[in-house]
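Participant: Below are the structure tokens for one structure; questions will follow.
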Amino acid sequence: MRRKAAETGDLCYGAVVVKNGVIIGWAPSSVIVNRDPMAQVGMEAIRDASAGVLVSTSRSCPMCEGGGYYASIERIYAANTVDGITNAGQPQMTYYR
Ligand SMILES: [Zn+2]
């Protein structure tokens, strides 16, 4: 997903929702391409999922964490820290500071 997002010119983020070992939701970032700040990977991945585990390329933002709560996501895993993403040049993560 991360590569797919980058290939389209979007931010290098992606996420999946896994339930019982099966991917039931997934999304590359489409925030830039669709000019939709709500189209973040966490929100898009849980759109068709209920329950399960959210796995994201980075720490989820407060909106995606809240969406996970309302979608009954059991746990959220992140492949990168806020500092790691910020140091990689993703300025939108600065709201955690
Ligand atoms: Zn988010």
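The values are calculated or read from the model by the stated rules, or taken from the named source; none is laboratory data. Worth saying up front: this structure is predicted, and the values here are computed from it rather than measured. Note that each Cβ is placed from the backbone with ideal geometry, even for glycine, and that neighbours are counted across all protein chains shown. Each accessible area value is taken on the protein alone, full model and side chains, heavy atoms only, with ligands, DNA and RNA left out. Shrake-Rupley method; radii C 1.70, N 1.55, O 1.52, S 1.80 Å.
Participant: When Rg is the radius of gyration of the Cα atoms in the chain and Rh is its Kirkwood radius, what does Rg/Rh come to?
Facilitator: Here the Rg-to-Rh quotient is 0.95.
Participant: Here is a further query. Considering amide H positions built from the backbone, and no H for Pro or chain starts, which residues 5 or more places from Ser58, or on another chain, come under 5 Å of its amide H?
Facilitator: Gly14, Ala79, Asn80
Participant: Next question, about the same structure. Under a 1.4 Å probe, what is the accessible area of the chain per residue, stated in Å²?
Facilitator: Heavy-atom SASA per residue in the chain reads 60 Å².
Participant: Still on this structure, please answer the following. How high is the relative contact order of the chain, in percent, with contacts defined as C-alpha pairs under 8 Å that are six or more residues apart?
Facilitator: The value is 22 percent.
Participant: Would you please give the FRET efficiency between Asp36 and Arg75, computed as 1/(1 + (r/R0)^6) with r the Cβ-Cβ distance and R0 = 35 Å, to the nearest 0.05?
Facilitator: 0.85
Participant: Moving on to the next point. For a quick check of your reading of the filter: which GluC sites (Glu not before Pro) in region 4-97 sit in a DSSP loop and have no more than 14 other Cβ atoms within 10 Å?
Facilitator: Glu74
Participant: Still on this structure, I have one more. Work out from phi, with θ = phi - 60° and the Karplus expression 6.51 cos²θ - 1.76 cosθ + 1.60, the ³J(HN,Hα) of each residue of region 12-17, listed in order in whole Hz, and give x for Gly and Pro.
Facilitator: 7, 10, x, 8, 10, 10
Participant: Dipole of region 2-78, Cα-centred, from +1 at each Lys and Arg C-beta and -1 at each Asp and Glu C-beta, to the nearest 20 debye?
Facilitator: Dipole magnitude for region 2-78 comes out near 160 debye.
Participant: Leaving ligands, DNA and RNA out of it, report the carbon-plus-sulfur percent of the accessible area of region 2-78 at a 1.4 Å probe.
Facilitator: 52 percent
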